[in-house]
Amino acid sequence: MERTKAFTLIELLVVIAIIALLMSIIVPSLRVVKEVATGAVCLANQKGLSTAWHLYQENYDGLLVGGSTYYSGTRATPYRWVERPLYHDSDNPELHVVPPDNEITLEYRLNGIRAGKLFPYTNDVELYHCPGDRTMVREIEPYAVYRSYAITGLMNGEDFIRRSGGLYSPISQYRTVNMPNGQTRVLKVATRFTDIRSPGNKHVFVEEDVSAKQQVWNQGGFVLMENGNYWQWWDWPAYYHNDQSTIGFADGHAEKKRWEDQRTIDLMKGTITDRVQNNNPDMEYMNHGYIPML
């Protein structure tokens, strides 16, 4: 009787080892390819948001849309680009009851986006979410944040000390920071497009991962230079695209930024917690783009 040919145990182990080796090579490559692909979509999102932001100021005589989600308190911002999660997309949190944190759902989050002043210019909630941002599937409610982008704090945002009166009154006191040259600088908040010097170099939209801060929605805006220290991160960007992030600029264009300093990447990934990072070129880049009148 003819014998049936079959793998020996050693041959089978060799095949398994080869497959494992190939998988160890292919899987990281696929991850990089996926991050590049999501980066392309995210860049398009940033371009769309930046264009909408630019169109808003053109329609409102150069006035900038509100860059923060705060609607009460000392740093509240009027005419907000998005709202916090809402029961209905026609609600205004200044006037209507808002969902408590433990009741927030995805639909309430989307209502807050649709209630924002920029939504008539975008008409697409997906524009506000980076496909590389896995927070909404990784976290459970109330921490399953949907929105991936924030407006920087000096672009008509929250980075000031107080207003002269109520929510719709002018800013009366600004924050100051210690610059690397030993001098201090007053951080003036831009409220009109003409306040911005070199719009092609000034940041408006930044990717932000707020799950590290245990926020239930992307609160406020994106703020830099904590405690007046030029070399201390307050907020920091996300790293969704192979150690790169996307940024939207005041002239309406968007770019990818590759981070140079390992401390920046480690802070983004949560492997370090030290936010004071002297002589970090990434912080220098972000701070320069953060200050509209610089």
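Observations, loosely collected:
- Candidates are the residues of region 142-176 that are in a loop (DSSP other than H, G, I, E, B) and either over 25 Å from the mean Cα position of the chain (by Cα) or acidic (Asp, Glu) (or both); the one that is surrounded by the most Cβ atoms within 10 Å (Cβ to Cβ) is Asp159.
- Region 109-129 residues that are over 13 Å from Arg80 (Cβ atoms), paired with ones that are outside any helix (DSSP H, G or I) and of a type in the set (S, T, N, Q) (beta carbon under 6 Å, 6 or more apart): His129/Ser148
- Single condition Pro99 does not satisfy, out of (1) under 26 Å from Ala44 (Cα atoms); (2) at pLDDT 95 or above; (3) not acidic (Asp, Glu): (1)
- Residue ranges of strands (runs of 3 or more DSSP E) in region 202-262 with at least 2 members crowded, with 23+ Cβ neighbours inside 10 Å, without any contact (Cβ under 8 Å) to a residue 60 or more places away in the chain and of a type outside the set (S, T, N, Q): none
- Of all the listed residues (His96, His88), the sole one being part of a loop (DSSP other than H, G, I, E, B) and either touching a helix residue (DSSP H, G or I) at 6+ places or on another chain (Cβ under 7 Å) or surrounded by 15 or more Cβ atoms within 10 Å (Cβ to Cβ) (or both) is His88.
- Filtered residues of region 42-77 (kept if assigned to a loop (DSSP other than H, G, I, E, B) and surrounded by 17 or more Cβ atoms within 10 Å (Cβ to Cβ)): Leu64, Val65, Gly67, Ser68, Thr69, Tyr70, Tyr71, Arg75, Ala76, Thr77
- Matching residues in region 177-201 - criterion: being assigned to a strand (DSSP E or B) and surrounded by fewer than 13 Cβ atoms within 10 Å (Cβ to Cβ): Thr184, Val186
- Residue that is surrounded by the fewest Cβ atoms within 10 Å (Cβ to Cβ) [pool: residues in region 263-281 that are of a type in the set (Lys, Arg) and free of Cβ contacts under 8 Å to residues at least 40 places away in the same chain]: Lys269
The values are calculated or read from the model by the stated rules, or taken from the named source; none is laboratory data. What you see is a predicted model, and the numbers here were worked out from it, not measured in a lab. Counting neighbours? That spans all protein chains shown, and the Cβs are built from the backbone with ideal geometry, glycine included.
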